[in-house]
Amino acid sequence: MEIPDKASADGMPQGLMHTSGEDTSLALRRGHTYASLLGSVLMVPFRRLGFLSRESVFPVLLDQVKASVDGASSSPTSYVVNLSYGRQRWRINVGIVQLFSLNAYLHYREVMDSRRDKPDICTEEQCSSIEEFLRAVLHRSRYLDIGKVYDFFRISRHSFSGTKMFEDKFHVDITDLDGGRCAGSCYRVSRSSGKMYVVCKKSHLVLVDYKNGHEDADVLFYGGDLNVKYKMNVFYSKVVIDKGGKRYTIKSFRHEAVRRLFGEILEGEERIRGSSRLTSFSPVRRGNVVNFYVDGKSYFWNLYDTLCLARREVFIAGWWIYPTLYLRVKPVGKGLDKRYRLDHVLKELAEKGVKIRILVYKEVLRALNIDSNYTYEFLSKLHRRIEVLRHPNGMGRIPIYWTHHEKVVVVDQRIAYVGGIDLGLGRYDTQEHPLVSKEHQAGYLEAYEKEENGLEPSDLPRMPWHDVQCKVVGSSAFDISRHFIERWNFIVSEDGGGKRTELLVPNEELGAIDSMSSDSLEDGGLVRTQVLRSVGRWSLGIDEDSVSRGYSEVIRGSRRFIYIENQFFITRCSSAPGYPENTVGRVLAERIIEADRAGEEFKVYVVIPLFPALDAGLMVSPTPAVEIIRIQEQSISKGEKSLYQVLRGHGVDPDKYLVFMSLRKVHFDGKRVAQEQIYVHSKVIIADGTSAIVGSTNLNDRSMVGCRDTEIALLVEDDNEVVHKLLRTLLEEHLGVKRGAERSRCGPLDFLEHHLLGSTLDLGSNDVFNRIVDRARTNTEMFKRLLELDGGYGGRRLCPCPVDSVLVQNLLHGIQGHLVLFTDDLLVGRESEKSIFSIHGFIPSVVYY
């Protein structure tokens, strides 16, 4: 293949590239990916259709397009042309006028022999004449730069990316509706109008704007709040679509084409809505591969491997993204191996041609210190293929109280991660959760050295961080990428991200598991999944609260036990109105009351931080933490609306069914002692070891109501061992259960170890429940005595006073695992300091719910 000498700055060919049709036909029949044919195919630049660089060029083997004419049509002057390209099949209706128009256009351009190639329109040989004419057009590569030919055969830049359903040219009007993204407006605002190419796919529509260089004008996903209607009069037909606060009016005088478009949209809606539930944008998916990663190190290590597999694109969305985060901590000389730093990984991918798209939350500076502007500036300068958008922009138009809280990474739209782990400092941790560790503080220490603070690891025991992340390979990964694409396109169409930024279009072809490397599948199981989320009109133009509905359904469907890990427990537990608004607590109370009346063995385990809202010291004031503690106590035990009081009001003993626990860790170097909570940041609910929801969603109104913080989670329903394995891993960590060689040195198994290491894991059993509570109670007593031993110092720094090492060792032997009872006795020295001179003095209480 010869590449023309003349090329654009991005390497785009200005001419055509030829190949043997016989070779490419064989490759196409074998199902090879288009990318593997780039060395021997006929490349169509499609400059007029929006391809701006070699990266975007989609190879089309035009000599492999087959055409046949069917005389059957609703009109005597039109014909049905059946076209095929590889595995793709489509048909177009062609009128005599269109045929003559194409022929005349080709003659005008002097590219055709009029005697030989003119379609002979005669009664007896119409079909064969038209077929001969069309084949002549298709087999002549010099016609490929003619846009009219593309229009005639309904071929666009999106035709062969995924399944080709239907596409045609229409007149399209796009308007903003009242209540859409232009907050405060009470009228419709025209956004775009003119000829557009409408491309129907299995999951979405793409509108390609003819006026604007054939760029993508919008992408509409089926499902969600999409509403479609068909209208017709004597002169034209139209399809009216309302979605995300915008109205799309698609019309044409060709009634049959409009009806066909309407039918395709209805079929797409049925595909999504027919298998959806919980009002989610995503359908229920089967056959996905799912893996869970407990604590940051295991997640970051696996993420590095997955990023190295990227071939086309990487999507990252985060509340906090620290550019120089180490995904793997490996010492090299006096420093760390920078190959494993996030910015180095992303830059290397971009240099290989992978497109990187990053969404980061734009914080309120006085409230948070996550410096998204640093992230934006740092990553944007790495490479031209790395684009970063911050949102929200224009604070005057939208509420400043809510955040984009999801933690998402998507590779090639077929592997995706969701969960609670930010790509930020302080998240790198192991299941041992050491208080003092150079490995765990690597990112912090490097940052401190830059600021010349002179801090030594031995002087600053850290707060350990417990979290969970989930990886999914398959069609649910495509749904997660859809969420990212919707958010990206919403921001771009809202304000362009501050510059000329392209819309993203999903690639339905990339969701298949069988195309994945075996390294990416690991030992996960094939399970049923559904993507859930919380979004609002400020963040995506629509409201959705499917995560809250998913939590309620998991609780209602539980038979033996519920296990919850979350950063907060702020929820309405009674039917009384007011805050909190989310009703997860009430559903939980109803399930416990139902079990009590039926005489069932049913248990609920809740693991939350001892001190919430302490994100590794990022909050500039203790006031939010104290306010959240007060609100959380009203949900758990204090006040008539609390969970404990609601249960007692129905004659149920809460302690028989329910336990709240936290995690704590101690460090002793032989002379000095320190202890600290293990900050529970995971967002997990598990029912019976067979269903789970893992994501970024906190158990509070901000995450659950649906119109506030942006969240995403994965519902996993498992007949296999995946959810069961996650639960076992969490309990082994919290209860201090050892495996393998470590287990053999620990003596005989106790009751809990025997239960956890065995084949069954029934947390609904009274015996198991009582043993877990007893272990948490014993650990709590040991930690209290350690606090008394160091004079109540209890801080994160090592106690400066020497202690009795023998006594400390005896107390440490009494601690097994990390579980302690959630109790107010450990809340020492935390008092409210609400000041009018602090930004927190102006924040309404609803923000803390």
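The values are calculated or read from the model by the stated rules, or taken from the named source; none is laboratory data. Predicted model only: the values in this text are computed from it and were never measured. A quick note on method: Cβ atoms are made from the backbone with ideal geometry, for glycine too, and the neighbour counts reach across all protein chains shown.
Entry remark, the stretch 642-665: residues being outside any strand (DSSP E or B) and within 30 Å of C470 (Cα to Cα) number 2 in total. Among the conditions (1) in contact with a strand residue (DSSP E or B) (Cβ under 9 Å, 6 or more places away or on another chain); (2) touching a residue at least 60 places away in the same chain (Cβ under 8 Å); (3) closer than 22 Å to I564 by Cα, L647 misses just one, which is (2).
Among the strands (runs of 3 or more DSSP E) confined to the stretch 320-413, the ones with at least 2 residues that are among the aliphatic types (A, V, I, L, M) and touching a residue at least 60 places away in the same chain (Cβ under 8 Å) are located at 408-411.
Within the stretch 208-259, the set of residues being in contact with a helix residue (DSSP H, G or I) (Cβ under 7 Å, 6 or more places away or on another chain) and aromatic (F, W, Y) comprises F221, Y222, Y230. Candidates N227, N233: the one that is outside the structural domain of S475 (by TED's automatic domain parsing), of a type in the set (S, T, N, Q) and closer than 30 Å to S552 by Cα is N227.
Note on the stretch 343-354: residues that are buried (at least 20 other Cβ atoms within 10 Å of the Cβ) and closer than 18 Å to N507 by Cβ amount to 2. Could you tell me whether Y248 is farther than 27 Å from G550 by Cβ, in contact with a strand residue (DSSP E or B) (Cβ under 9 Å, 6 or more places away or on another chain), aromatic (F, W, Y) and crowded, with 21+ Cβ neighbours inside 10 Å? Yes, satisfied.
What number of residues within the stretch 280-298 satisfy the criterion of being outside any loop (DSSP other than H, G, I, E, B), in contact with a Leu (Cβ under 9 Å, 6 or more places away or on another chain) and under 24 Å from H405 (Cβ atoms)?
6
For the stretch 757-780, a tally of residues being hydrophobic (A, V, I, L, M, F, W, C) and assigned to a loop (DSSP other than H, G, I, E, B) returns 2. Does G184 satisfy the condition of being closer than 23 Å to W488 by Cβ, out of contact with any Asp or Glu (no Cβ under 6 Å at 6 or more places or on another chain) and modelled with pLDDT under 90? The answer is no for G184. Could you list, in sequence order, the residues of the stretch 213-237 that are among the small types (G, A, S) and either outside any strand (DSSP E or B) or touching a Cys at 6+ places or on another chain (Cβ under 6 Å) (or both)? The answer is G213, G223, G224. Quick one: which of G617, G639 is of a type outside the set (A, V, I, L, M), farther than 20 Å from L715 by Cβ, under 33 Å from the mean Cα position of the chain (by Cα) and at pLDDT below 90? After ruling out the rest, the residue left standing is G617. Evaluating R785 against the criteria (1) of a type in the set (K, R); (2) modelled with pLDDT of 65 or more; (3) touching a helix residue (DSSP H, G or I) at 6+ places or on another chain (Cβ under 8 Å); (4) within 30 Å of N700 (Cβ to Cβ) leaves one unmet condition, (4). Residues of the stretch 290-320 that are touching a Gly at 6+ places or on another chain (Cβ under 7 Å) and under 17 Å from E387 (Cα atoms): W320 alone.
The number of residues in the stretch 196-223 being basic (K, R) and crowded, with 21+ Cβ neighbours inside 10 Å comes to 1. Across the stretch 268-279, the number of residues qualifying as touching a residue at least 24 places away in the same chain (Cβ under 8 Å) and either assigned to a strand (DSSP E or B) or more than 14 Å from S475 (Cβ to Cβ) (or both) comes to 7. Restricting attention to the stretch 270-285, the residues that are of a type in the set (V, I, T) and closer than 16 Å to E553 by Cα total 2. The condition of being at pLDDT 95 or above and under 21 Å from L389 (Cβ atoms) holds for only one of D371, D343, that being D343.
Quick grid of which residues meet (1) outside any loop (DSSP other than H, G, I, E, B); (2) without any contact (Cβ under 8 Å) to a residue 40 or more places away in the chain; (3) surrounded by fewer than 22 Cβ atoms within 10 Å (Cβ to Cβ):
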residue: H667; (1), (2), (3): yes, no, yes
residue: K671; (1), (2), (3): no, no, yes
residue: I685; (1), (2), (3): yes, no, no
residue: I693; (1), (2), (3): yes, no, no
residue: R702; (1), (2), (3): yes, no, no
residue: G706; (1), (2), (3): no, no, no
residue: I712; (1), (2), (3): yes, no, no
residue: V716; (1), (2), (3): yes, no, no
